[in-house]
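The next block holds one structure in the form of structure tokens; read it before the comments.
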Amino acid sequence: MHCHLHFLFLTLSPTPPIFWQKRNNLTQGRRRLNGRAYRAQREDSIRRTVYVSDIDQHVTEERLAGLFSGCGQVVDCRVCGDPHSVLRFAFVEFADEQGARAALNLGGTMLGFYPVRVLPSKTAILPVNPTFLPRSEDEREMCTRTVYCTNIDIKISQAEVKNFFESICGEVTRLRLLGDHMHSTRIAFVEFAMAESAIVALNCSGMLLGSQPVREAGGR
């Protein structure tokens, strides 16, 4: 009976027992500490990162990293933007702040056909989300057989897109045509039976499908 009453005291008492308060305070303290540590780490990463713009579309991440390697150790380099655009932008992260400061002096350097602009970055480079990457050998193999297409004429049907690629590249096993009538063009994911067909499809970029030249890129 004594044990039963003691249990009621714990559950009905308006003030939580002191050991519960200590545990909650400890948990909240850890969360605050983790939050501060994360923000400090992110701010440190931003100070070590530069934003590079006006990058020639033919410049690779390896070539860009090579340009900045003279400033310090490059730990990450991400080129972003539409691969079909004449100019793109990138984020370059260094091992220390000195590398990032030295990189600012490379603004105006000719890389390809254009002089690049280099500014302090306002954001850190986001890590790649592993959930978007192929998880198995089958998924990796499927990606080699898939192309991503943009600029597809809104008037073109799914059957017409399939016929277009099959007549030039080979058998299409799956096709997803996405978009709505609010936009003048649509996008598609085209999966071929053979990886060789996907390679041929990449060479179709610029060919007319309906009234628009289609654009292709490798699968995800």
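The values are calculated or read from the model by the stated rules, or taken from the named source; none is laboratory data. Please read all numbers here as calculations on a predicted model, not as lab measurements. So basically every Cβ, Gly included, is an ideal-geometry build from the backbone, and we count neighbours across all protein chains shown.
So for region 176-188 (the condition being in the same structural domain as N151 (by TED's automatic domain parsing), at pLDDT 80 or above and touching a Pro at 6+ places or on another chain (Cβ under 7 Å)), does at least one residue qualify?
No, there is no match, as no residue in region 176-188 is in the same structural domain as N151 (by TED's automatic domain parsing), at pLDDT 80 or above and touching a Pro at 6+ places or on another chain (Cβ under 7 Å).
Give the residue, chosen from S85, S157, that is out of contact with any Phe, Trp or Tyr (no Cβ under 6 Å at 6 or more places or on another chain), at pLDDT below 90 and closer than 27 Å to N203 by Cβ.
Step by step, each of S85, S157 is checked, and only S85 is out of contact with any Phe, Trp or Tyr (no Cβ under 6 Å at 6 or more places or on another chain), at pLDDT below 90 and closer than 27 Å to N203 by Cβ.
Across region 92-121, what is the total count of residues that are in contact with a strand residue (DSSP E or B) (Cβ under 6 Å, 6 or more places away or on another chain), surrounded by fewer than 18 Cβ atoms within 10 Å (Cβ to Cβ) and in a loop (DSSP other than H, G, I, E, B)?
Matching residues across region 92-121 total 5.
So, in region 115-151, of the ones that are over 20 Å from the mean Cα position of the chain (by Cα) and modelled with pLDDT under 90, which residue ends up nearest to R215 (Cα to Cα)?
N151
Can you find, within region 22-57, the residue that is modelled with the highest pLDDT among those that are within 21 Å of F89 (Cα to Cα) and either loosely packed, with under 10 Cβ neighbours inside 10 Å or among the polar types (S, T, N, Q) (or both)?
T49
Out of all the residues in region 151-164, is one or more outside the structural domain of H84 (by TED's automatic domain parsing), of a type in the set (S, T, Y) and within 20 Å of S85 (Cβ to Cβ)?
Taking every residue of region 151-164 in turn, none turns out to be outside the structural domain of H84 (by TED's automatic domain parsing), of a type in the set (S, T, Y) and within 20 Å of S85 (Cβ to Cβ).
Quick check, is T173 of a type in the set (S, T, N, Q), at pLDDT 85 or above and in a strand (DSSP E or B)?
It is true that T173 is of a type in the set (S, T, N, Q), at pLDDT 85 or above and in a strand (DSSP E or B).
Conditions: (1) of a type in the set (V, I, T); (2) at pLDDT below 90; (3) buried (at least 17 other Cβ atoms within 10 Å of the Cβ). V75 meets all but one. Number of the miss?
Looking at each condition in turn, V75 falls short on (3).
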